[in-house]
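**Q** Please find one structure pasted underneath; my questions will follow.
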Amino acid sequence: MFSRFLENGDIDGLERMIMFLKRLNEKCQLKPFMRVFAVLAILTAVNLIPSNSNTAIAKSTPETASISKDKTETVESLIKQLNGSWRGYGGRGSWRVHEDAVKELIKIGEPAIEPLIKALGDKDMSVRSDALEVLVRIGEPAIEPLIKALADKDPNVREYAAVALKWIGDDRAVEPLIKALADKHPDVRQRAAEALGDIGDTKAVDPLLQAFKNNYICHYAAIALGQIGDTKAVEPMINALGDRKSSIRAAASTALGLIGDTKAVEPLIEVLADKNLDVREAAARALGMIGDARALEPLINVLADMNKNNDFRQDAAWALGRIGDTKAIEPLVNALGDKDWFVRDHAAEALGNIGDSKAVKPLIKLLGDEDKYILRSVEDSYIVRSTAAEALGKIGDRRAIEPLINALGDEEGRVRKAAAEALGKIGDRRAIEPLVNALGDKDWSTNITAAEALGRIGDKKAVKPLINALGYGDWSIRRAAARALGRIGDTNAVEPLTKLLGDEDMYLRIAAAEALGRIGDTKAIEPLIKALGDKKWHVRKAAVLALGNIGDVRAVKPLINLLGDEDRDIRRAAAGALGRIGDTKAVEPLIELLGDKDKYIHEAAAEALEKLNYKPGIHEK
């Protein structure tokens, strides 16, 4: 998910995801292993590691196949610059040094691989993380060396090599990763299981079932089996529900929920009575993921039983929301008055997921929630109010408009943000003026959400205030305003947006390019062509996509030039843009691109040629 945000240049999406994870931990008290997943995902995203299908590959030539002494010294010098000082007090200059080092190492490509693999064992975690990023960006040439590194004597090298192979996602890594499931170091076994789950090859099912018996990595093996989704794992997981170890029973429940086979429903219902709380909670969540109506009554009984553990009851509420049956509405509405704020919160969320209008009035009442039962009332009640606002937005009933507008004045920023988001989803024009006012809210997340909501509503009355917001001091609201203007599509925004293509903030340049692409006005062509020369590949990619969306033939030659770009993302995006523009001048360059060794580039070129009605026999004649 994080990779998808970064692939689209959506750093604000990443920020929202981080906020979501923080909120989830506050609300649900995540188990330690889930917090580990969240932290690792955020660290990976912050380091801008692209997704499996979007990693950039540096070109290698016979001339660069062997490393000269000078080249070795250059690589080692660059690797030394991959330290964490820029993240702390190193300042903007340190950040630029770091970014330049990453960029140069990616350019060097294949000759840098071995030193980078060695750096995976560096004592500085920042160096290890950045070396990981570069190896993933180098991509295919790094696969075999990384596979070899799974046998390195340093456990850090083995662990990070497994993570790199996970992100690159090549099938050649499956067998070596299976062997790594038996590594003597538990962190390496964990990473190997995660990588096998991401790659998704069914050859890993039997080895993962074997690894599942290991208490330390049973959760990771279970999640991997769930990701692969092979029903071969269902019977062994059902049998594991009776294991003497509670950790195995809980992990088996998780795996069955992820696989989603209805054969597991009755066994999981029985596990709702397990003596261990973690197992009962995992079973409830699994039943929600499977979504079978047979689980309704048992889950409703758990929710209604005040003698049950409140964490268990909140999981039952969540599961009822996932199943989505309207029979659960009345029990969930009753739970809105529960003494435990966790239960009230999950009941509100579940009602929003079910989406029935019968829940609107009780949820409106919950917007004024005040916890009368526990001392942490101030903190807890605002979480419940924000969830109520989110639920009303999902349901989309216009009776909620005025109460939500009133909630824009709530004392807590999180509630105001949730109200703004809900108003955007409902899309009633009565919310425009209050949302415009919210652009100046003291809470930055409310500013962003108000801008996004105005974009979703799409009324041109919001254009001028959003253009004004492009000049605000906070970069996050400026980005959100740019995206909102793109959604509205008014050509009055073209000139202000083109000016942002030269802004010092990379993500603002990305947002401006994307917005111009959505508006589709040809006045943006020349500025976007200029943006193809941006130093940051993220910005170049956004400009490429925008030019493809606008479809003006003036962009054809500059885009053809980018088919030879050193960055894989750019070559792929340029091929797609040329296909959308539809000019036959691109046929020959695209035919040449069919020879690219990267399968994703080859596929992009083939798709573009198909859009251009290229037929090999006819064109060859």
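**Q** Need a quick list: helices (runs of 4 or more DSSP H) entirely within the range 430-509 having at least 2 residues that are modelled with pLDDT under 95 and under 22 Å from the mean Cα position of the chain (by Cα).
**A** Details: elements: 432-438, 444-457, 463-469, 475-488, 494-500.
Hits in the range 430-509: 444-457, 475-488.
**Q** State which residue is modelled with the highest pLDDT when the search covers only the range 135-152 and only residues that are touching a Ser or Thr at 6+ places or on another chain (Cβ under 8 Å) and open to solvent by 10 Å² or more (accessible area, probe 1.4 Å).
**A** Restricting to residues being touching a Ser or Thr at 6+ places or on another chain (Cβ under 8 Å) and open to solvent by 10 Å² or more (accessible area, probe 1.4 Å), the top hit is PRO141.
**Q** If I filter the range 401-426 down to residues being small (Gly, Ala, Ser) and touching a Gly at 6+ places or on another chain (Cβ under 8 Å), which single residue comes out as surrounded by the most Cβ atoms within 10 Å (Cβ to Cβ)? Walk me through it before giving the result.
**A** As a first pass, look at the range 401-426 and keep what is small (Gly, Ala, Ser): 407, 409, 413, 418-420, 422, 424.
Then drop every residue that is not touching a Gly at 6+ places or on another chain (Cβ under 8 Å), which leaves 418, 422, 424.
Values: ALA418: 30, ALA422: 28, GLY424: 23.
Here the residue is ALA418.
**Q** With the structure loaded, tell me whether GLY440 is over 24 Å from GLY502 (Cβ atoms) and either without any contact (Cβ under 8 Å) to a residue 12 or more places away in the chain or touching a Phe, Trp or Tyr at 6+ places or on another chain (Cβ under 8 Å) (or both) or whether it fails that test.
**A** yes
**Q** Could you run through the range 242-253 and say how many residues are buried (at least 22 other Cβ atoms within 10 Å of the Cβ) and either of a type in the set (A, V, I, L, M, F, W, C) or more than 12 Å from ILE290 (Cβ to Cβ) (or both)? Break it down stepwise before answering.
**A** Here is the first cut: in the range 242-253, the residues buried (at least 22 other Cβ atoms within 10 Å of the Cβ) are 248-253.
Those left that are additionally either of a type in the set (A, V, I, L, M, F, W, C) or more than 12 Å from ILE290 (Cβ to Cβ) (or both): 248-252.
Adding up the residues that qualify gives 5.
**Q** Let me confirm something: among LYS339, LYS263, LYS358, which residue is open to solvent by 50 Å² or more (accessible area, probe 1.4 Å), of a type in the set (Lys, Arg) and at pLDDT below 95?
**A** The match here is LYS339.
**Q** For the range 293-334, which residues satisfy the criterion of being of a type outside the set (Lys, Arg) and part of a loop (DSSP other than H, G, I, E, B)?
**A** ASP305, MET306, ASN307, ASN309, GLY324, ASP325
**Q** Find all pairs meeting these conditions: Cβ atoms under 8 angstrom apart; at least six residues apart or on different chains; first residue within the range 223-252 and among the acidic types (Asp, Glu); second residue buried (at least 22 other Cβ atoms within 10 Å of the Cβ).
**A** ASP230/ILE259; ASP243/ARG249; ASP243/ALA252
**Q** When the residues of the range 299-328 are filtered to those that are of a type outside the set (D, E, K, R) and surrounded by fewer than 18 Cβ atoms within 10 Å (Cβ to Cβ), which remaining residue is nearest to LEU277 (Cα to Cα)?
**A** Here the answer is ASN309.
**Q** Given the conditions (1) at negative phi; (2) open to solvent by less than 40 Å² (accessible area, probe 1.4 Å); (3) out of contact with any Cys (no Cβ under 9 Å at 6 or more places or on another chain), and given that ASP171 satisfies all but one, which numbered condition is not satisfied?
**A** ASP171 satisfies every listed condition except (2).
**Q** Does LYS557 count as within 26 Å of the chain's Cα centre (by Cα) and assigned to a helix (DSSP H, G or I)?
**A** no
**Q** Continuing with this model, one more query. Among the residues of the range 401-411, are any over 19 Å from ARG483 (Cα atoms), free of Cβ contacts under 8 Å to residues at least 40 places away in the same chain, charged (D, E, K, R) and in a helix (DSSP H, G or I)?
**A** Yes, that holds for at least one residue.
**Q** Quick check on my filter: what residues within the range 153-162 are surrounded by fewer than 24 Cβ atoms within 10 Å (Cβ to Cβ) and part of a helix (DSSP H, G or I)?
**A** Hits for the range 153-162 are PRO155, ASN156, VAL157.
**Q** Then there's this: Quick check on my filter: what residues within the range 250-263 are within 29 Å of the chain's Cα centre (by Cα) and assigned to a helix (DSSP H, G or I)?
**A** ALA250, ALA251, ALA252, SER253, THR254, ALA255, LEU256, GLY257, LEU258, ILE259, THR262
**Q** Given the conditions (1) part of a loop (DSSP other than H, G, I, E, B); (2) of a type outside the set (Asp, Glu); (3) crowded, with 24+ Cβ neighbours inside 10 Å, which single one is not true for TYR216?
**A** (3)
The values are calculated or read from the model by the stated rules, or taken from the named source; none is laboratory data. If you're wondering where the values come from, they're calculated on a predicted model, not measured in any experiment. Heads up, the Cβs are rebuilt from the backbone with ideal geometry, glycines too, and the neighbour counts pull from every protein chain shown. Ligands, DNA and RNA are stripped out before the accessible areas are found, and what is left, the full protein with its side chains, is counted by its heavy atoms. Shrake-Rupley method; radii C 1.70, N 1.55, O 1.52, S 1.80 Å.
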